[in-house]
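The values are calculated or read from the model by the stated rules, or taken from the named source; none is laboratory data. Source: prediction; values computed, not measured. For neighbour counting, all protein chains shown are included, and Cβ atoms are generated from backbone atoms with ideal geometry for every residue, glycine included. Accessible surface is based on the protein model in full, side chains and every heavy atom, while ligands, DNA and RNA are left aside. Shrake-Rupley method; radii C 1.70, N 1.55, O 1.52, S 1.80 Å.
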Amino acid sequence: MKKFIETISNIWKIDELRQRIILTLGLLLVYRFGAQVVLPGIDTAQLAQLSSNTENGILGILNAFTGGAFANASVFALGIMPYISASIVVQLMGIAIPYLQKLQKEGESGRKTINQITRWLTIGICIVQAPAYLYGLGALGVPDSAFVLGKGLDFIVPAVIILVTGCVFAMWLGEKITDKGIGNGISLLIMVGIIATLPQAFAQEFVSRTTNNTGGIMFMLIEVIVWFLVILASVYLTMAVRQIPVQYARRTASGGYEKNVMGARQYIPLKLNASGVMPIIFAQAIMFAPSLIGRTFNDTAAGQWMEVQFADIFGLAYNILFAVLIIIFTYFYTAITVPTNKMADDLKRSGGFIPGIRPGKETGSYLDKIMSLITLPGSVFLALLAVLPALVVKLMDVQAGWALFYGGTSLLIMVGVAIDTVQQVNSYLLNRHYDGLMKTGKNRKVA
C-alpha cells in the first residue's frame, strides 16, 4: 500500500502527466454526462420498455458499447460505433485502392488525410443510422405517446442532426483524449461505457444466486474466482511476447562496421497479440450486420434463419462466425501495425542483424514468418476468450449481463485498454526516473 501511495504521489508530481490525466477524466465525464441527456421531444418516463429490450442479446452489447446511451434514447445513442465502422471500411479499402495505399506510405501527412476521410465517412454512416434508430424505437417498445412532437419531420430532422452531432462530438472527445490525454481515446470511451454496466450486472447475478436458490453465495464465489482467472488469461494474451535476438556490429572510426566484432545482444519483442483489442471491436461491429440483414429479408426462409440465429449472441452460429472474424481481423490488423519489411530495413541501416539471417529482404521474410507463426495461436486464444461468455451461459447458467464480462468483448476491451493506459503512465514515470507502475523500489537516479 505504501508503494502504491508513493507511485500515485509521483504521478501527481509530473505536471504534464497530471494535466493529461485531469483532461482525460474531464472529457470522459463529459461523455458520461451526455449519455444521460435524452433527445428533445421524447418522454423519458415511457422508456422503461426500451431499457428492458436492450438488456440482453446483441442490443445489450450495443447498449454497453454506448454506456447505456442507446437505451436512454440519448444524444449519444449512436455512440462511437459509426466511427469504428468507418475505420474498418477505410482500412479494408486501403488494400484495394491505390490512392489510400499511397497515403499510408506518406507518413504523418498521409495519416491526417486518412483520418479526415474516416471522419467524413463517419458522418455519412451516422446520417443513415440516425433515422433508422429513431424509426426503430417503436419496434423496441417505445410507444407512440412517448414522442411528444410526433414522428413527423418536425421531430425527425432535428433529432437526426442531434444524433449525428452527438457522434461527431464523441469522436472529437476520443481524438482529443488520444492527442492531449492518456491512452487511446476511442477505446477509453468504449471501456468507460462497458464499466458503467458492470456494477448492475454483478448485482443482478448476486441477487439471482442468493434469492432463487441457484447456488447461493458459494457458487457466486466460484464465479468470481473464474472471472479473475479469465482476467489473468486476458492479461497474459495482451502482454506475452516472443523475443527475437539481434546483434549490432561495432562502428569503426571511419563510420563503417568492423567485421566479426559484435556488440551486446539485444532483442526485438514481437507480441503474441500485436493487434490488441481492435480485432474484437472490428468483429463486433460487423456482427450487427447478419441480424439486420435477416430482419430486412424476414419474409424469406434464409432471412428468418439469419434473424433468429444471429440475434442470439450465445448461439452456436453467432459465436462460430464471431470467432472466425476475430482470427481474420487479427491477421489483418497485425499485418498493418507490424511493418516487418520496415523493421528489417531499419536494422540494416543501423548495422543490426538477426544471427544466422542475412540483413535486408531475408530478415523481413524471417520476421514475417515469425509473426505469422505466433499470430495463429494468439488469434485462436483471442477467439476462445471472445466466445467464452456463451460457454459460461451454457455450462454455469450465468445471467446474460454478467456473462458478458467472462472474456468476450467487454472484458478483453477493459483489460487491453487498461494495460495500454497503464503502460503510457509507466513510460512517463520512467522518463522522469521514478518507479513505474509495474515495478517497485525507490526513485531512480540519473547515472
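Under a 5 Å amide H cut-off, with hydrogens placed 1.01 Å from N, residue 246 pairs with 266, 267, 268 among residues at least 5 apart or on other chains. What the Cα convex hull of the chain gives, in volume per residue, is 194 Å³. Here's how it looks for residue 271: its modeled amide H is under 5 Å from those of 242, which are all 5 or more places away or on a different chain.
Taking Cα atoms only, the orientation of helix 108-136 departs from the longest principal axis of the chain by about 20 degrees. Rg over Rh for the stretch 316-434 works out to 1.12, both radii taken from alpha-carbon positions and Rh defined as the Kirkwood radius. Only Cα pairs under 8 Å and 6+ residues apart enter the sum, and on that basis the relative contact order of the chain stands at 17 percent.
Here the sum of -39500 (n - 2.57) over DSSP H runs of 4 or more residues, divided by the residues of the chain, equals -22500 deg cm²/dmol at 222 nm, to the nearest 500.
The GNM of the chain, with springs linking C-alpha atoms under 10 angstrom apart, assigns the highest mean-square fluctuation among 430, 411, 39 to 430. Rounded to whole numbers, the Karplus 3J(HN,Hα) couplings from phi for the stretch 353-366 are 7, 8, x, x, 10, 5, x, x, 4, 5, 5, x, 5, 5 Hz, using 6.51 cos²θ - 1.76 cosθ + 1.60 with θ = phi - 60°, and x at Gly and Pro.
Computed over neighbours whose Cβ is under 14 Å from that of residue 335, the net charge equals +2, Lys and Arg +1, Asp and Glu -1. Measuring with a 1.4 angstrom probe and ignoring ligands and nucleic acids, residue 248 comes out at about 60 Å² accessible. Inverting the mean 1/r over all pairs of different Cα atoms, compute the Kirkwood radius of the stretch 106-240 and quote it in Å. Hydrodynamic radius (Kirkwood, Cα pairs) of the stretch 106-240 is 19.4 Å. Quick check: the distance between the Cα centres of the stretch 91-154 and the stretch 18-39, to the nearest angstrom? Measuring centre to centre over Cα atoms gives 22 Å. Using R₀ = 45 Å, calculate the FRET efficiency as 1/(1 + (r/R₀)^6) where r is the Cβ-Cβ separation of residue 394 and residue 127; round to 0.05. After rounding, the FRET efficiency stands at 0.65. Here residue 149 and residue 51 are evaluated by their C-beta separation; at R0 = 25 Å the FRET efficiency comes out at 0.70.
The GNM of the chain, with springs linking C-alpha atoms under 10 angstrom apart, assigns the highest mean-square fluctuation among 371, 343, 171 to 343.
Phi angles across the stretch 77-92 convert, under the Karplus curve 6.51 cos²θ - 1.76 cosθ + 1.60 with θ = phi - 60°, into 3J(HN,Hα) values of 4, 6, x, 9, 4, x, 5, 4, 4, 5, 5, 4, 4, 5, 5, 5 Hz, Gly and Pro given as x.
Per residue, how much accessible surface does the chain expose to a 1.4 Å probe? Answer in Å², no decimals.
On the way: 22550 Å² over 447 residues.
That works out to 50 Å² for each residue.
Springs between Cα atoms under 10 Å define the GNM used for the chain, and in it the highest mean-square fluctuation of 240, 86, 96 occurs at 96. Taking all protein chains as shown and a probe of 1.4 angstrom, residue 175 keeps an accessible surface of around 40 Å². Backbone geometry of the stretch 181-190 corresponds, through the Karplus equation with coefficients 6.51, -1.76 and 1.60 at θ = phi - 60°, to 3J(HN,Hα) couplings of x, 10, x, 7, x, 4, 5, 5, 4, 5 Hz, x marking Gly and Pro. Positive contributions from Lys and Arg (+1) and negative ones from Asp and Glu (-1), summed over other residues with Cβ under 15 Å from the Cβ of residue 306, come out at -2.
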